Amino acid sequence: MSVIKADVGGYVGHSSIHMDLYDAAREMLEISKQKGEIIDYHVTHCGDDLELIMTHQKGIENSEIHGLAWDTFVMCTNIAKKLKLYGAGQDLLKDSFSGTVKGMGPGFAEMEFEERRSEPVIIFMADKTSPGAWNLPLYKIFADPFNTAGLVIDPAMHEGFVFEVLDIRKNRKILLSTPEEIYDLLMFIGATGQFVLKNVHRKDGLQAAVASTQKLSLIAGKYVGKDDPVMIVRCQSGLPAVGEVLEPFAFPHLVEGWMRGSHNGPLMPVATREANPSRFDGPPRVIAAGFQIAEGRLIGARDLFDDPAFDEARKKANQVADYMRRHGPFEPHRLGLEEMEYTTMPLIMKRLEERFFVSEENVLVESKA
Ligand code: F6R
Ligand code: MG
Ligand code: MG
């Protein structure tokens, strides 16, 4: 299963995507399905991100599948350019395709698995945020018994899960096992700007989840829009139930992103029709598309946050948005300095560097006695 996404042009501004891109992407993937290159597909959007969900038998990081996604994004970019949509082609950082979309701008999450007797899967897609946004929900889904009753009740889950944590600044990763190592795990993944969860396996090896971890600013070396991550989670029968997987999103936790990718704000769970962030280019949104997979066919999507049970989360997100907005350009609404490194902050520092003079306000004074 491959979920590959890119922002190839916003409508209007960065708030949503235009129907013509949707239709073009569907047409392209339909041809591919008819030719037997992919088994099935589903095209959707979250905010200004075009999301391609595909099933096939070619494995992960396959050049034909990534090539198909790339060609689809290029074609949609051409349409976006004709309509002068905003930021047309913004996530395509390279001119030509080479092997996979890795390091080229689009984000992706892929998982190879043998279909179980019944295979319920949820694809989470977010806009106006970045990969660390999944850390908290993934922890709750797979390691918190107050969220997931199955960790206590279901013998198949009782042993716990193994988390792969990526250190995106040092380009290295570590496997941590729960419940034994939850305190170590939390020390890292609580720092969402540096440590990002990549995937989760059950201890018998079965893969349960995978997330996209591409950071555009790290790839491009400057601010080029947010990464707007996606994630695939398999559910039920010895894995967390659909309801346990959705449950963490009833709390709209703070994530980085929002306006200019430079602010913390609440992640609001919404139906796809409401995934069009407009207020201060946000607040950040997440949608959940549920599928039953049948011989590779995608039966769905069920729009899982289209449920009044998430109304309170949305209300809370609006209250938190109000509260955070009142801070204006101050932290912790605005991101910390380290994250601002990829914006105009270094330029301002450079310009004002020579106007700084030495201050001894906080220097340890040697005792004179
Ligand atoms: C956030 C985002 C927007 C833009 C903002 C300014 O991910 O994409 O908040 O950063 O609308 O956009 P420009 O600089 O293109 O005018
Ligand atoms: Mg955009
Ligand atoms: Mg986006």
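Worth a mention:
- Accessible area (Å², 1.4 Å probe, nearest 10) - residue 153: 130
- Looking at the chain, the DSSP beta bridges with both ends there are about 95 percent antiparallel.
- Amide N proximity, the range 189-204 versus residue 167 label position 7 Å along Cα-to-Cβ, cut-off under 18 Å: 189-199
- The modelled label-to-label distance between residue 364 and residue 218, using points 7 Å beyond Cα along the C-beta direction, is 3.5 nm.
- With every protein chain in place and a 1.4 angstrom probe, the accessible-area ranking of 273, 234, 314, largest first, reads 273, 314, 234.
- Part-to-part distance (alpha-carbon centres) for the range 15-33 and the range 236-273, which is given in Å: 25
- Across the range 116-149, no residue has a backbone nitrogen under 13 Å from the label position 7 Å along the beta-carbon direction of residue 187.
- The chain has equivalent-ellipsoid semi-axes of 34, 27, 20 Å, by the square roots of 5 times the alpha carbon gyration tensor eigenvalues, sorted largest first.
- Using 0.36 nm per residue and subtracting the Cα-Cα separation, the extra length available between residue 112 and residue 96 on full extension is 3.1 nm.
- Local electrostatic count at residue 9 - Lys and Arg +1, Asp and Glu -1, tallied over other residues with Cβ under 11 Å: -2
- Förster-model FRET efficiency, 35 Å R0, residue 319 and residue 174, C-beta, rounded to 0.05: 0.45
- Carbon + sulfur, % of accessible area of the chain - ligands and nucleic acids excluded, 1.4 Å: 53
- Label point of residue 22 set 7 angstrom out along Cα-Cβ; within the range 245-274, amide nitrogens under 14 Å from it belong to 271-274.
- The range 1-144: C-alpha pair distances exceeding 24 Å, %: 32
- Straight-line cross-link reach from residue 58 at under 18 Å between alpha-carbon atoms covers these aspartates and glutamates, not counting any fewer than eight positions away in the same chain: 30, 37, 40, 71, 110, 112, 114, 115, 295.
- At R0 = 51 Å, FRET efficiency that the Cβ-Cβ distance of residue 61 and residue 355 yields, to 0.05: 0.55
- The residues of the chain have, on average, 48 Å² of accessible surface per residue, using a 1.4 Å probe with all protein chains present.
- Listed values for the range 84-98 are Karplus-derived 3J(HN,Hα) couplings in whole Hz (6.51 cos²θ - 1.76 cosθ + 1.60, θ = phi - 60°), namely 6, 5, 7, x, 4, x, 4, 8, 8, 7, 10, 7, 10, 7, 9, and x replaces Gly and Pro.
- Accessible-area ranking of 102, 58, largest first, probe 1.4 Å: 102, 58
- Applying the Kirkwood pairwise sum to the alpha-carbon positions of the range 96-159 produces a hydrodynamic radius of 15.2 angstrom.
The values are calculated or read from the model by the stated rules, or taken from the named source; none is laboratory data. Model, not experiment: these values are computed from the prediction. Glycine gets a Cβ as well: all are built from the backbone with ideal geometry, and neighbour counts include every protein chain shown. With ligands, DNA and RNA removed, areas are computed over all heavy atoms of the protein, side chains included. Shrake-Rupley method; radii C 1.70, N 1.55, O 1.52, S 1.80 Å.
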